[in-house]
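Below: one structure, written as structure tokens.
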Amino acid sequence: MVNNKPIGIFDSGYGGLTVFRSIFQELPQHDYIYLGDTARAPYGNRSFQTIHQYTWECVQWLFKQGCPLVILACNTASAKALRTIQQQDLKNEDPSKRVLGVIRPTAEVIGDYTKTNEIGVLGTKGTVQSGSYPIEIGHFFPDLKVYQQACPLWVPIIENGEHDKPGADYFVKKYLEQLLAQSPDIDTLLLACTHYPLLQEKIRQFVPANIQIVSQGDIVAKSLVDYLQRHPEMDDKLTKNSTQHFFTTTDDTADFDHYAEIFFSAPVKSAFAEIKC
Ligand code: DGL
């Protein structure tokens, strides 16, 4: 791994694996390091300052492993930490490195999915309160109406393996009803949290059939392909030996591997990453 220049993929926990799965399908030749900060997840209800601090520590760790490019495969970190990292931290650390998020690539295309021009965004409290989606979508689709709903209990339900159990139904239904009550014309639901694809089947049960549900994995993966085509100087730096390494900040790597496999749809063997706290 020493001479590898992998793409770093970061999430607070397991959710980013749903994005990594799609990225790997699009770009199987690249090397990757996935880091899930499971010891400190979920980030969704934490303050701006804490989310920025944790995210930046993890990004720096990925830089130390040789990653010239890091994807924040986490909406909460993209909403709360990305701008400061791009505009301040990188300048001091190493301006040749790049950190990209998941909100902008999603905002660029989400308007193409709706016919009524009204969409619902489901996310963590942090993502919703940041207003990042309405702001970013407004740049690309100024006439689009964006309704938002925070779902603070969905990530803990998912991270504890309860997403496909009957107990999850109450909170899935509750947040969906709150969102759909905001307008009868919403025809597109954006899963604006990388954990939520695991709830997609349950969400489908409580949403009328005419409403489509959009998850971000494929959108972010296609956007990364496009980014690397537009930035050959970055793609040239990245090594391409098809390796994948997984790291967790929890010392119980077996526990991480068990849940990670569900998100990644393939076996995962992780190692412990000691992040400075
Ligand atoms: N997966 C993260 C996201 O996309 C959120 C998880 C968390 O709350 O830590 O927002």
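Since every read-out is calculated from the coordinates, none of them should be taken as a lab result. Note that the coordinates shown come from a computational prediction; the quantities given were computed from them, not determined experimentally. Neighbour counts are summed over all protein chains in view; Cβ atoms, including those assigned to glycine, are modelled from backbone coordinates with ideal geometry.
In table form, for the structure just shown:
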{"read-out": "Longest DSSP-loop-exposure-free segment, trypsin sites (Lys or Arg not before Pro), the chain, at most 15 other Cβ within 10 Å", "value": "116-239"}
{"read-out": "Eligible lysines near K165 by straight Cα distance, threshold 22 Å, same-chain separation 8 or greater", "value": "K173, K174, K202"}
{"read-out": "Summed residue charge, Cβ within 10 Å of F247's Cβ, Lys/Arg positive, Asp/Glu negative", "value": "-2"}
{"read-out": "Descending Cα extents along the principal axes, the chain, whole Å", "value": "54, 40, 34"}
{"read-out": "Neighbourhood charge, 15 Å Cβ-Cβ cut-off, centred on S22 and excluding it, Lys, Arg +1 and Asp, Glu -1", "value": "-2"}
{"read-out": "Relative intensity, log₁₀ I(q)/I(0), of segment 37-124 from a Debye sum that treats every alpha carbon as a point, q = 0.23, 0.25 Å⁻¹", "value": "-1.14, -1.28"}
{"read-out": "Radius, Kirkwood style, for segment 56-208 when every pair of distinct Cα atoms is counted (Å)", "value": "16.6 Å"}
{"read-out": "Segment 1-123, relative contact order in percent, only Cα pairs under 8 angstrom and at least six apart counted", "value": "28 percent"}
{"read-out": "Only Lys, Arg (+1) and Asp, Glu (-1) charged, at Cβ; segment 1-135 dipole about Cα centre in debye", "value": "200 debye"}
{"read-out": "Histogram of C-alpha separations across segment 119-276, 10 Å bin width, %", "value": "9, 30, 32, 22, 6"}
{"read-out": "Residues Y43, Y227, Y32 arranged by fewest to most Cβ contacts within 10 Å", "value": "Y227, Y32, Y43"}
{"read-out": "Cα-based Rg and Dmax for segment 157-231, where Dmax is the largest Cα-Cα distance (Å)", "value": "14.8, 46"}
{"read-out": "Segment 214-277 shape via C-alpha gyration tensor axes, a/c threshold 1.5", "value": "prolate"}
